[in-house]
Structures are given as structure tokens and as C-alpha cells.
1. Any chance you could look up the accessible area of A:MET1 with a 1.4 Å probe, heavy atoms only, rounded to 10 Å²?
2. Per q in 0.24, 0.25 Å⁻¹, report the Debye log10 I(q)/I(0) for region B:1-70, using one uniform scatterer on each alpha carbon and no solvent.
3. What FRET efficiency comes out for B:GLU131 versus A:LEU62 if R0 is 25 angstrom and r is the Cβ-Cβ distance? Round to the nearest 0.05.
4. Students sometimes get this wrong: rank A:LYS158, B:LYS169 by accessible area, probe 1.4 Å, all chains present, largest first.
5. Can you list the HN-Hα couplings for region A:178-186, worked out from phi with the Karplus curve (6.51, -1.76, 1.60; θ = phi - 60°), rounded to whole Hz and with x for Gly and Pro?
6. Tell me, what HN-Hα J-couplings in whole Hz come from the Karplus equation 6.51 cos²θ - 1.76 cosθ + 1.60 at θ = phi - 60° for each residue of region B:139-155, using x for Gly and Pro?
7. In whole Hz, what ³J(HN,Hα) sequence does region B:4-20 give by Karplus (6.51, -1.76, 1.60; θ = phi - 60°), x for Gly and Pro?
8. A:LYS241: net charge of surrounding residues, Cβ under 13 Å, Lys/Arg +1, Asp/Glu -1, itself excluded?
Amino acid sequence: MNCKQCQELMVAQLYDEADENTRTEFQAHLDSCAHCSAQYESMRTTLDLMSTRKQSTLDESLFATQWKRIERQIAKNDTNDYSSPTRNKILMFPTRIPAWAYGVAAMLLIAVGIFIGKTFWPQPPDIVQQQPATASQSTPAPDDSVTTRVLAYLGTSKNLLLGVMNTENADYSTATLEHQQRVSRQLIQQASYVKTSLTRPDQQQIKQLVSDLEVILLQLANIEVKPGVGAIEIVKNGVDKKSIILKINVEEIRAISQSPEIEKPTSHNL
Amino acid sequence: MPDEQTLIRDAQLGDREAFRRLVECARVNVYRLAYDLTSNQHDAEDLSQEVFIKAYRALGTFRGDAKWSSWLYRITVNTFYDFARSGMKKTIYYSDNQEHNSEENEILKQRDSISPDASAEAAIIQEHIEEALNRLSPRERSVFVLRHYHDCSLKQIAGMLEISDGTVKTLLFRAIQKLQQALEFYRNDFVVKRI
């Protein structure tokens, strides 16, 4: 046993709470270590001195008075439900709550409120992609995002129409037409959302372009599955007559020149 | 007289008389512990009164896994900590000389064999013992008085105060060292006969 271990056992030894083996080892160390022996003796003497302290006396006759005071306090806080655990709970810890605890509690409440709000009332999804927005409901999106969405719409429309224009009538297969009709129907659905977001006076030209596109797309969507030469030609003539593709190109260039950070729309970034 | 367990059960069911009996049985020990913690009669009375009020409110939480007396002791110590934090410190660290001297003289006068000089010395020693106790922190003091004056084992103290055995030993060791320093004068000049 070393001096550190001896010190750790000193209290248990002083109060006879050490086991037999420990006691033997402890005593053996004291016999060989003058420092620990002196320390032990010194503490022993101190405890003997403390034992001379007089016990306090309690006046038994005062019990009646004391009990009345206790009873008065109990009656103040008493309720009818003696067995209620809520009533019987006490603060075994300090009854005074420090002032800073109120601040912490308030911040916690705010954090919980924000968490609940975000969890149960999430942000509404993007209007153009999910639901049609009415003028009274929709909040004007920042200009750049509107322009980006519109350009994306135009880009997809352009790609579709280029596909139509570049396919020879003789090469038109049912599968190709069905695919193009599916895309055109999607674009028709989106057209109304896109037009709704174009509210500024300088956006009316592009709004008209979207309307013109809508007509072309409707014609394409309504072609019968087994196309005749005439049906596709009507669509192609419409695209040429209205210079749809040219107009789309112009709008794209204008948008990019006004906001260079807007990414050039392709069918991939819709 | 019903046993303690019956009284506790009845008190938990709302029997005020049962609780009164429990208080009557426990008040001496609770008061002694309160006095050992505060060194002041008035504070000890206030403290023990508060202990019983808290015990009444908490009756529903007492499940009998600890002894009733240990449970009361725990409330006493915790209430003492509250008092110490709230400002009873001034009272704790003030040695009420007049009170101690009058109590001491009252007891000593009954002993015919004690000379006036010896009684004066004894009174002074008592005063210095109280002052030495007042140097301890609330935690050190509570651990020391529980072990030294109320014969609670180190394990019992650990359970009562919900601290580890190691912490009890450390607090007790520190307390004895502080008392040793405070009573250095007496250890050298006064021989204490060890039984």
C-alpha cells in the first residue's frame, strides 16, 4: 500500500468501516510511514475533540406550539385530494428558481414553437410545378425565378416543335406522335400557370407567345393517332406562320442579356 | 401505539393525527440534525418546521424503499442547503456566543465536581468547535455531522444525499482536515483522553 492509497482509506479507518484485510494493510503502512502515521493521529485527535461537542437539547413542552405552526402551514397548501401525487410532489431541490431559468425556458418554448410550425405547416410547394395559382392567391415570385420558369417552358416547347418540324411526314411513326402528344398535353397544362405568373406590362409580349404556343400545342395534341399527311402539315404550317421558334429564340436571348446569371434553359433544367 | 409503517400509510391516506404522531416521534432527531447543521437554536427550529411541512407535502412520494428517518434526514439536509443559499448563511456563520455560553453554563452548573475555571475552558472549547464547524461548506458539514454525530454509515450517507461513496469520503476527509486546521491550538495544548 502506498501513501495515496493509505490516505484514501483513512476516513473509513477512522470510523471503523474498513474490512479486515484492508485494516491489516493499512496498519502495516502506518507502522512503516511516519508521515501517514502522524496524519492519521492528528485526524484521530481532531475527531475526539469534535466528540466533546455538547448535544443540543429540545424543549419537549414546545411540541404543541410547533405542531400548531406546522398544521397551519399544511392547511394553507392543502387540497382535498390527499393521495394526489401531483399535490404531494415537493421540490427536493431549491424552491427558488433563478431568474436566468425563465429566459432559458422562454427560448426553449420559442424553439419548440418554430419546430412545430415547420413540421406541421411546411412551406407550400412551387406553384408552377404543383398547383394552379389564382391571381388572388399567388404571391409574386422574384422576377428571376419567373423568367427562369418561363424560359424553361419555352425551351421545352421549342424542342418539341423542332422535333415536329424536323421529322419528315413519311417518317412519322405512331410512337413518335404519341410521345409528342403526351409532351404537348403537359405543356398545355402548364401554359395557364405560366401565363398567370406573367403580370408585368413588359411581360405581355412573352405572354402572347405562350398563348400562340398553346394553340399549336392544342393542334398537335388533338391529331388522331394515325396521322394523315394533312394533320401534321397543319401543325407545321402553324409553327412557320407564327414564327414560333424564332420568337422563342428572341425571348431567350433577351432574357439572358438582361440577367446574365440566368442559366440558359434546356429541357434538362425544367 | 401503531407502528411506524402503519402511521405512514395512514398519513398518506390523509390521517392528520397519524402524521402528527410521526412528527412527534421524529422531531428530536430532526431538530438535532438541524442544530448540528446550523449551530443556532432558532434556525434549527425553523429548519425542522420546514422539514415536516415538506415531508407532509411529499408523503405521496415516500415508497418505503428507504427508512423513514433517512428520508427525513435527506429532506433536512436539502432544506439546509436551500436555507444556506437563500441567506441563512449569516446566521450559520455567526456564532451566537451568549446562547452557547448560557446553555453551556446551565449544564455545567449541575456538575458539582467541575470548577469554574474548567467550565469556562469547556465553554470556550465548545465555542471554537462551533466556529470550526462553521468553516465547513454546507456539503462538507452535512456529511460530517451525519457521520460523526448521527452515526450514519458512509454508504447510508451516500444513499441519502444521492452521491457516490467516493464523494462522501472525499467530503469527509476535507471536512476533517479543515477542522484539524481550525482546532490546531487545542490539539497541541489540550490533551483529549481517548477511550
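1. We get 80 Å² for A:MET1.
2. Log-scaled intensity ratios, in q order: -1.07, -1.13.
3. Between B:GLU131 and A:LEU62 the formula returns 0.35.
4. Descending accessible area places them as B:LYS169, A:LYS158.
5. Calculated HN-Hα couplings, in order: 4, 5, 5, 5, 4, 5, 5, 5, 4 Hz.
6. Ordered by residue, 3J(HN,Hα) equals 5, 4, 5, 4, 5, 5, 5, 5, 6, 7, 9, 10, 6, 8, 6, 4, 5 Hz.
7. Per residue, the Karplus-derived 3J(HN,Hα) values read 4, 4, 5, 4, 5, 4, 5, 5, 5, 8, x, 7, 5, 5, 4, 5, 4 Hz.
8. 0
The values are calculated or read from the model by the stated rules, or taken from the named source; none is laboratory data. Here the structure is a predicted model, which means the values were calculated and not measured. Cβ: placed from backbone, ideal geometry, glycine included. Neighbour counts: every protein chain shown. Side chains included, ligands, DNA and RNA excluded: accessible areas come from the protein's heavy atoms. Shrake-Rupley method; radii C 1.70, N 1.55, O 1.52, S 1.80 Å.
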